[in-house]
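*Asks:* Structure below; questions to follow.
Only the coordinates and a few stated rules stand behind these numbers; no lab work does. This structure is a prediction, so every number in the text was calculated from the model and none was measured. Here the Cβ positions follow ideal geometry from the backbone for every residue, glycine too, while neighbour counts run over all protein chains shown.
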Amino acid sequence: MDGIKVPEHIAIIMDGNGRWAKKLGLNRIFGHRNGVRAVRETVETCGKIGVKYLTLYAFSMENWNRPSDEIEALMSLLIESVIKETSELDKNNVQLRTIGNLSSFPENVTVKLNQAIEFTSKNTGLVLTLALSYGSRWEITEAVKKIAAKALAQEIEPENINENVIEQYLTTYGMPDPELIIRTSGEQRLSNFLLWQGAYSEFYFPEVLWPDFKKKDLMNAIDEYRRRERRFGKTGEQIKQEKDLI
Ligand code: FPP
């Protein structure tokens, strides 16, 4: 990708594990296990091509409503993957982070996650963020609560609350907004993922089911992103003039 602009931040809704397994006549958990392979390949590719932030929707708040055996299997898979992959992530200079309401996770999962986060915290390459028990409405509600408490304590004037202030209370504070959001499996919904941060994102909805998502699918998504004109409310002429000035 030498000389080719890649998005600084890509966010992915990894969808279709269950359908992938069903097509093979196997159980959903088999699909999740194979989803880990796609995670590995995507992380590796993003690191190589110079993406700075990759955010993966690994477990939504709504996923707590799934059958308990599936939730347990997902938790085990998460611990197993984190334990198995931490040294590889570290070797590749990847920094692991999480966003979401981790307090709802079993302690054995959060202990392992926190160890991996601490272990990779000094790395300066790709920032890999796992959204775990994450939901945008929860995140925004938490931000509102904290800002309201500050206003009540007279530490901030309501008229001084602006977008920058709100961003400081979001779990993604310090990260650029994702330029590109991908959802696999043909579904075209955000499902409570990065609603604030995705205000100007480009969306890409390939038909491929997550376990089949390969390097070529990621490169197709980036190609498509590069073909689109991001206008941020401006006219096409304004964007052209700005480009001509560079
Ligand atoms: C959506 O497919 C996928 C999930 C809810 C879980 C994603 C988890 C992984 C890819 C594995 C673990 C992740 C890491 C980061 C180690 P679905 O079950 O909703 O599929 P369906 O829509 O076909 O039923």
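*Asks:* Tell me, in nm to one decimal, what length is gained between Arg228 and Ser191 on full extension, where the rule is 0.36 nm per residue of separation less the Cα-Cα distance?
*Replies:* 11.0 nm
*Asks:* Here's a follow-up. Could you give each residue of the range 196-205 its phi-based ³J(HN,Hα) in whole Hz, using Karplus coefficients 6.51, -1.76, 1.60 with θ = phi - 60°, and x for Gly or Pro?
*Replies:* Running phi through 6.51 cos²θ - 1.76 cosθ + 1.60 with θ = phi - 60° gives 6, 5, x, 3, 10, 6, 8, 10, 9, 10 Hz.
*Asks:* Just tell me which lysines come within less than 29 Å, Cα to Cα, of Lys22; anything on the same chain fewer than 8 places away is out.
*Replies:* Lys84, Lys214, Lys215, Lys216
*Asks:* Identify all aspartates and glutamates with a Cα-Cα distance to Lys112 below 18 Å; exclude those on the same chain that are fewer than 8 residues away in sequence.
*Replies:* Output for Lys112: Glu72, Glu80, Glu85, Glu88, Asp90.
*Asks:* Given H placed 1.01 Å from N in the peptide plane, which residues other than close sequence neighbours of Ile12 have an amide H under 5 Å from its amide H?
*Replies:* Thr55, Leu56, Tyr57, Ile182
*Asks:* Now a separate question. I want to verify a result. In a Gaussian network model of the chain, Cα cutoff 10 Å, which of these has the top mean-square fluctuation: Glu157, Glu139, Glu224?
*Replies:* Its mean-square fluctuation being the largest, the pick is Glu157.
*Asks:* Applying a 10 Å radius around every beta-carbon, put 50-57, 109-116 in order of their mean neighbour count, most first. Provide the component values of the computation, followed by the final result.
*Replies:* Numbers: 50-57: 21.5, 109-116: 16.6.
So the order, starting with the most tightly packed, is 50-57, 109-116.
*Asks:* Another question, then. Determine, from the Cβ-Cβ distance of Glu163 and Asn93 and an R0 of 41 Å, the FRET efficiency 1/(1 + (r/R0)^6), rounded to the nearest 0.05.
*Replies:* Efficiency for this residue pair is about 0.80.
*Asks:* Also, I was wondering about something else. Can you tell me the relative contact order of the chain? Whole percent, Cα pairs under 8 Å, sequence separation 6 or more.
*Replies:* Contact order relative to length: 27 percent.
*Asks:* Under a cut-off of 19 Å between alpha-carbon atoms, report the lysines in cross-link reach of Lys240, not counting same-chain residues fewer than 8 places apart.
*Replies:* Lys5
*Asks:* Also: If you place +1 on the Cβ of every Lys and Arg, -1 on the Cβ of every Asp and Glu, and leave all else neutral, what size is the dipole of the range 1-107 about its Cα centre, to the nearest 20 Debye?
*Replies:* Charge dipole, the range 1-107, about its Cα centre: 360 debye, nearest 20.
*Asks:* Please work out the C-alpha center-to-center distance from the range 117-175 to the range 76-111 and express it in whole Å.
*Replies:* 20 Å
*Asks:* What does a probe at Ser76 reach in the range 26-62, counting residues whose amide N is under 12 Å from the point 7 Å along Cα→Cβ?
*Replies:* Within reach of a label on Ser76: 29-30, 33.
*Asks:* Do any chymotrypsin sites (Phe, Trp or Tyr not before Pro) in the range 156-199 lie in a loop, going by DSSP, with at most 14 other beta-carbon atoms within 10 Å of their beta carbon, and if so which?
*Replies:* The qualifying sites are Tyr173.
*Asks:* Would you mind telling me which residue in Ile99, Ile79, Ile12 has the biggest mean-square fluctuation in a Gaussian network model of the chain, where springs connect alpha carbons within a distance under 10 angstrom?
*Replies:* Taking springs between Cα atoms under 10 Å, the residue moving most is Ile79.
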